[in-house]
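Below is one structure, written out as structure tokens, with a few remarks after it.
The values are calculated or read from the model by the stated rules, or taken from the named source; none is laboratory data. Being a predicted model, the structure only gives us computed values, none of them experimental. Reconstructed Cβ throughout: ideal geometry from the backbone, glycine too, with neighbour counts over all protein chains shown. What goes into the accessible areas is simple: the full protein's heavy atoms, side chains included, and nothing from ligands, DNA or RNA. Shrake-Rupley method; radii C 1.70, N 1.55, O 1.52, S 1.80 Å.
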Amino acid sequence: MKAWLSKLNIDLSAAPSSPEELARTVLASVSPDFRCRIETVPALEESFRIRNDPDGSFTVSGGGTGVLYGAFALIRSVFSGKELPDSLESAPRYPLRMINCWDNMDGSVERGYSGSSLFFEAGAFHYDPLRMRELGCFMASVGLNVLCINNVNVHFPAQLLLEDYLPEAAALADLFRPFGVRLMFSVDFSQPMRHGIPTADPLDPAVQSWWNETAARVYRAIPDLAGFLVKADSEGRPGPFTYGRNHADGANMLARAVAPYGGKIVWRCFVYNCRQDWRDTKTDRPMAAWEHYSPLDGQFADNVILQVKHGPFDFQVREPLSPLLLGMKHTNLAMELQLAQEYTGHQIDIYTMIPMWKELFDELPEDHIMSVAAVSNLGRDDNYTGHPLAAVNFFTYGLLAWNPQTDAADAVTEWIRLTYHFAPEDERALASLLLSSRRTYEKYTAPLGIGWMVSPHDHYGPNPSGYEYDLWGTYHKANRDAVGIDRTASGTGYLLQYPEAYQHKYADPETCPDLYLLFYHRLPYSFRMKDGRTLIQRIYDDHFEGYEETKAMAEILRSLPFPEPDRNVILSRMDRQLYDAKEWCDIINTFFRRLSGADDTHGRTIYD
Ligand code: GCW
């Protein structure tokens, strides 16, 4: 992460006083003969214009933060050798471009793979101001503007809203403000009950007053706080259901409290039965969010945003787009992505996400969602992301959140150029490795849309039946004849939650895109795929290919001139990935061979 800040030579030893000042510093860092004027046009807000004048100088115009984004866009182009047109105008596609940290106040990070929290330690704020400025700079440089600093699972002590902690929270907000970054806090729905109110019922006037007073106090300290993020009635968190209320009742009550200050309530839709009986064939977990929220479409206050995970399950390698993102037409929506590699290799395996995100954005109708959020992959490790190459995910997420039309290969190449000094052929080799890394990981882990074959709890490494007899609603039901779940009209009916054109694309196993086949269909191992292979042969082939591709990745990485300490970390993590890819390949293939009895037509080793 830091590589390119140091390339840009931006001095962060002192805090900038405003986005404009930071924009000037950023532009001054280029070179003494680089000429650029800044013109603040408040009406442009976050947008900017860059003009390349005939005399070779530049003019960056923008609103308060727009000039900052313009300055960064300009130097990103200069340093990555991109041609700039004579004039360029750019406006963010989504007003809120959020990073959600799952940091706990004890200093741990839920699903964190880059060390401990950047903000907290031992129940209190504890941070290095320089690192905060670096983080602000990372965010501003790719246009991200909201930072939720604490975990949606609010563990106590998590007293951010209380008098004692507010001055420190406000000081942190001050640090981020010049970077155009506003803070957000996760709150616990039952918090009033810790302060002498006997209930958290959203329709109880005492509860509403408690939140009103709390919001007033918090906004006195941090007038530009972006709002509150809420995980309610989800995986054991408290919520309106306890009181027989629905989620519009809950979210709107909080929304009333923050509305006078322009605050938002970002309400997560990760609601499902996490105590399912695996014998129960009626309940199909991916259906849950739609069942809870679609009846409430249009009932949420204007300052509520429903934040929906991109898929109906939980950040698996391959999932369809959540039906909520297509169907909730009268509700503000945010799509939630996950930079933290929970199910995607723990920042040990290389997994570049932008090709996956592009698929998601491409499926979203124009103007359908109004914001994006991503679970952070940062921590206190020196390089911020544990694996140096995981930084590409943070960087490209920002570019896509600004403009979802951003080309994946361009974004990855830009990151490489800002991070390493590679010859063009090395740059191309790394870009192509990164861009294919998700598909490679998918091949050795998750056959054709099934997912969940991971070790329970920590979600790293293969365990084909790890989630099969558990409470989480995550079953593949592989037996000796067939595998997958029928989610069409003849099965659980999940597919019926989608618009008709979408249903049409996936309903028939003969025409359903291969990579979603076992998400939507239950099929015999002898099923003939479009390319003539049997389903079981395709599963074997994918897993062998995934491992072979990983071996090839390792060769390429060894040949590339990464500087230290990156090289050492990259190569040692690659050794782990290689070992694990073999485990995945052999365990999953053996699992299916033992069930199906089918031989590999190429006679490769699968264990009996
Ligand atoms: O799948 C789960 C993760 C939890 C996480 C939860 C969520 C923050 O395993 O660690 O909790 O998703 O998104 O709320």
Helix-only CD estimate at 222 nm, as mean residue ellipticity for the chain, using -39500 (n - 2.57) per DSSP H run (n ≥ 4): -11500 deg cm²/dmol
Given charges at Cβ of Lys, Arg, Asp, Glu: the chain dipole, positive-most of L399, W102, G345: W102
Pairwise Cα inverse-distance average, inverted: Kirkwood Rh of region 289-368 (Å): 13.6
Charge context of F315, other residues only, Cβ under 15 angstrom, K/R +1, D/E -1: -3
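What's the magnitude of the charge dipole for region 493-608 around its Cα centre, counting Lys and Arg as +1 and Asp and Glu as -1 at the beta-carbon? Answer in Debye, nearest 20. The partial results should precede the final answer.
Details: 15 positive and 20 negative charges, 31 e Å.
In total the dipole reaches around 140 debye.
Over every pair of different alpha-carbon atoms in region 128-264, take the mean of 1/r and invert it; report that Kirkwood radius in Å. The partial results should precede the final answer.
On the way: mean 1/r = 0.0643 Å⁻¹.
The Cα-based Kirkwood calculation yields 15.6 Å.
Tell me the relative contact order for region 205-270 as a rounded percent, counting alpha carbon contacts under 8 Å between residues six or more apart. Don't skip to the end; give the middle numbers.
On the way: 67 pairs, mean separation 29.0, N = 66.
Over region 205-270, the number comes to 44 percent.
Net charge near S57: determine it from the other residues with C-beta under 11 Å of the C-beta of S57, scoring Lys and Arg +1 and Asp and Glu -1.
Details: positive: R35, R37, R51; negative: D33, D53, D55.
Within the 11 Å Cβ shell, the charges total 0.
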Which of M139, I539, A409, positive extreme of dipole for the chain (C-beta unit charges): I539
Contact order relative to length of region 402-533, as percent, for alpha carbon pairs under 8 angstrom and 6 or more apart: 18
Histogram of C-alpha separations across region 210-343, 5 Å bin width, %: 2, 10, 18, 21, 19, 14, 9, 4, 2, 1, 0
Inter-label distance for E291 and E359, nm, one decimal - labels placed 7 Å from Cα along Cα-to-Cβ: 2.6
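Return the Rg/Rh value of region 7-143, two decimal places, where both radii are evaluated on C-alpha atoms and Rh is the Kirkwood radius. Before the final figure, lay out the partial values.
On the way: Rg = 17.2 Å, Rh = 16.4 Å.
Here the Rg-to-Rh quotient is 1.05.
Grab the eigenvalues of the alpha-carbon gyration tensor for region 463-506, scale each by 5, take roots, and send me the semi-axes largest first in whole angstrom. Don't skip to the answer; put the middle values down first.
On the way: eigenvalues 126, 31, 14 Å².
Ellipsoid half-lengths, sorted descending, are 25, 12, 8 Å.
What relative contact order, as a whole-number percentage, does region 400-472 give when Cα pairs under 8 Å and 6 or more residues apart are counted?
Worked out over region 400-472, it gives 17 percent.
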Size of charge dipole - region 263-333 - debye, nearest 20, with Cβ of Lys, Arg +1 and Asp, Glu -1, no other charges: 120
Equivalent ellipsoid dimensions for region 271-316 as semi-axes, Å, which come from the Cα gyration tensor, largest first: 25, 13, 8
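Ratio to report: Rg/Rh of the chain, with Cα atoms as the point set and Rh obtained by the Kirkwood method; give two decimals.
Values: Rg = 24.5 Å, Rh = 25.3 Å.
Here Rg/Rh amounts to 0.97.
Could you work out the local net charge near M253, counting Lys and Arg as +1, Asp and Glu as -1, over the other residues with Cβ closer than 13 Å to its Cβ? Don't skip to the end; give the middle numbers.
Numbers: positive: R245, R256; negative: D201, D204, D249.
Here the charged neighbours net out to -1.
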Rotationally averaged projected area of region 546-608 (alpha carbon convex hull; nm²): 4.6
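Out of the DSSP beta bridges found with both residues in the chain, what percent are antiparallel (nearest 5)? Could the numbers behind the result be given before it?
Values: 16 of 53 bridges.
Close to 30 percent.
Using a probe radius of 1.4 Å on heavy atoms only, what accessible surface per residue do you get for the chain? Whole Å² is fine.
On the way: 22380 Å² over 608 residues.
Heavy-atom accessible area per residue stands at 37 Å².
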Radius of gyration and Dmax over the Cα atoms of region 173-243, both given in Å: 14.0, 42
Inter-part distance where region 114-172 and region 577-608 are each reduced to a Cα centre, Å: 45
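Once you've got the Cα coordinates, tell me which of K309/K329; K443/K530; K530/K551; K443/K551; K2/K231 are over 20 Å apart.
Details: K309/K329 17 Å; K443/K530 18 Å; K530/K551 28 Å; K443/K551 13 Å; K2/K231 32 Å.
Where the Cα-Cα span goes over 20 Å, the pairs concerned are K530/K551; K2/K231.
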Order by protection proxy (mean Cβ within 10 Å, highest first), peptides 576-585, 191-200: 576-585, 191-200
Packing-based ranking, highest mean first, of 305-315, 146-156 given that Cβ atoms within 10 Å are counted: 305-315, 146-156
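State the volume of the convex hull built on the alpha-carbon positions of region 446-592, expressed per residue in Å³ and rounded to an integer.
Details: hull volume 21.5 nm³, N = 147.
It comes to 146 Å³ per residue, whole-number rounded.
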